[in-house]
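Asker: Let me begin by handing over the structure; questions about it come next.
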Amino acid sequence: MANFVVDTDGIKRYLVNITVNGTKYTKMIKANSLLVNFLREDLDLTGTKRACEQGDCGACTVLLDGKPVNSCMVLTLSVDGREVTTVEGLAANAKLDILQEKFMEHSAPQCGFCAPGILMSAKALLMKNPHPTEHEVREAIAGNLCRCTGYVHYVEAILDAAASQ
Ligand code: FES
Ligand code: FES
């Protein structure tokens, strides 16, 4: 369990060390801090979206130790000492991830609100299974709700990214 201090306002706060996109952050958080809010408000990483806040839509998907999670359902305290990757961590050395390139090439997103979450679910899939079938792609993004598209271009883009690796 992380160390805690009682702050001047009388609220107990906990000291956590969390690595996000390769950078280690040491922060004080409240016990009820959710990972999605920690990323967006404490670290200003607003690429991770917040919508249903009930684990239903997948807009807040990030990788926790390489596995996709709904960050609105994860207590920041439980992430102490662990590694998080957000959509901001996909591009490296000023080069977009192949999934980001293919999402653009295939015009996969429309409004784009769901895109960061779908990117992270797709990234987790390709890390585990570099050459998935269409069915496996659809399964991997089944928890990411998109109200604009029929997923067709998303699926094509992910399959194209897999073929281009
Ligand atoms: S905001 Fe987390 S699943 Fe919808
Ligand atoms: S592109 Fe608008 S919600 Fe998916």
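Asker: Quickly estimate the mean residue ellipticity at 222 nm for the chain, helices only: each DSSP H run with n ≥ 4 gives -39500 (n - 2.57), and the total goes over all residues, rounded to 500.
Answerer: Result for the chain: -7500 deg cm²/dmol, rounded to the nearest 500.
Asker: Which whole-number percentage describes the relative contact order of the chain, with Cα contacts under 8 Å and a sequence gap of 6 or more?
Answerer: It comes to 21 percent, rounded to a whole number.
Asker: Of all the accessible heavy-atom surface of the chain, with the other protein chains kept in place and a 1.4 Å probe, what percent is carbon and sulfur?
Answerer: Here carbon and sulfur together make up 50 percent of the probe-accessible area.
Asker: Sticking with this structure for a sec: So how strong a dipole does the stretch 98-164 carry about its Cα centre when Lys and Arg Cβ are +1 and Asp and Glu Cβ are -1, to the nearest 20 debye?
Answerer: 220
Asker: While we're looking at this one, here's another question. Show which lysines lie in cross-link reach of residue 67 when reach means a straight Cα distance below 16 angstrom and same-chain residues fewer than eight apart are skipped.
Answerer: 123, 128
Asker: Solvent-accessible area per residue for the stretch 1-126 at a 1.4 Å probe radius, Å²?
Answerer: In whole numbers, the stretch 1-126 has 50 Å² accessible per residue.
Asker: Just the number: Rg to Rh for the chain, Cα atoms, Kirkwood Rh, two decimals.
Answerer: 1.02
Asker: Could you give the alpha-carbon Rg of the stretch 1-47 over 2.2 N^0.38 Å, rounded to two decimals?
Answerer: 1.18
Asker: Excluding ligands and nucleic acids, what accessible area in Å² is computed for residue 136 using a 1.4 Å probe, to the nearest 10?
Answerer: Answer for residue 136: close to 70 Å² accessible.
Asker: Can you give me the angle between helix 152-164 and the longest principal axis of the chain, using Cα atoms only, in degrees from 0 to 90, rounded to the nearest 10?
Answerer: Tilt relative to the chain: about 90 degrees.
Asker: While we're looking at this one, here's another question. Cut-off 10 angstrom, C-alpha nodes, Gaussian network model of the chain. Which of 121, 33, 71 fluctuates the most?
Answerer: Per the Cα network of the chain with a 10 Å cutoff, 33 tops the list.
Asker: Something else: For the chain, find the longest principal axis of its Cα atoms and tell me its angle to the long axis of helix 115-128, 0 to 90°, nearest 10.
Answerer: That helix lies at roughly 80 degrees to the long axis.
Asker: Could you give me the ³J(HN,Hα) list for the stretch 107-112, computed from phi with Karplus coefficients 6.51, -1.76, 1.60 and θ = phi - 60°, whole Hz, x at Gly and Pro?
Answerer: Listing the rounded values in order: 6, 5, x, 9, 5, x Hz.
Asker: Something else now. As a test question: what accessible area, to the nearest 10 Å², does residue 133 have when a 1.4 Å probe is rolled over all protein chains in place?
Answerer: About 70 Å², ignoring ligands and nucleic acids.
The values are calculated or read from the model by the stated rules, or taken from the named source; none is laboratory data. Predicted model, so just to flag it, every value in this text is computed and none were measured. Because the Cβ atoms are built from the backbone with ideal geometry, glycine has one as well, and the counts that use them run over all protein chains shown. These area figures cover heavy atoms from the full protein model, side chains too; ligands, DNA and RNA do not enter into them. Shrake-Rupley method; radii C 1.70, N 1.55, O 1.52, S 1.80 Å.
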